[in-house]
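Below is one structure, written out as structure tokens, with a few remarks after it.
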Amino acid sequence: KLLHAILLFYQKGDGSNSITVIDSIAWLLWIFGFVFEVTADAQKFAFRNKAENHNKFITTGLWAFSQHPNYFGEIVMWFAVALSATCAYTKAVHWLGWISPAFTYFLLLKVSGVPMLKKKADAKWKGQKDYDHYTQNTNEIIPSFSR
């Protein structure tokens, strides 16, 4: 995560060091994503370390609004890095930098993150009324606060 922060302060492609409004927005987004991910991880850590939660799944805190709020935070961070970098783009090929957040989203949603965890969780809890309700009514990645 520290590497992300360092990259945000990298000199612009045109040699200038000016900070734009887009940079400021991107850095605030990065901080938001970082805090979101760390909070979700801390909540899950605390949940798992309570004996009464053994063999239970978390549905409290940020986990009430997203099945994988930590992944949401990670994706926001990569999006913010790409957004800040756009200020330094001087060639069309630089726009390929947006592949990184898109690829991160794809990997987490379709390959290594959600599918692997869902398979493990389904094997453990699928068929339980509260688990089925949670998975059917809670977004996988993007939090929904309108519940």
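Read-outs: derived from the displayed coordinates by stated rules, not from any lab. Keep in mind the model is a prediction, meaning the values are calculated, not measured. We place every Cβ from the backbone using ideal geometry, glycine too, and count neighbours over all the protein chains shown.
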Residue, nearest to Thr60 (Cα to Cα), within the stretch 131-144, restricted to residues that are touching a residue at least 24 places away in the same chain (Cβ under 8 Å) and outside any loop (DSSP other than H, G, I, E, B): Tyr134
Complete set of residues in the stretch 56-105 that are farther than 19 Å from Phe34 by Cα, without any contact (Cβ under 8 Å) to a residue 12 or more places away in the chain and not aliphatic (A, V, I, L, M): Lys56, Lys91, Trp95
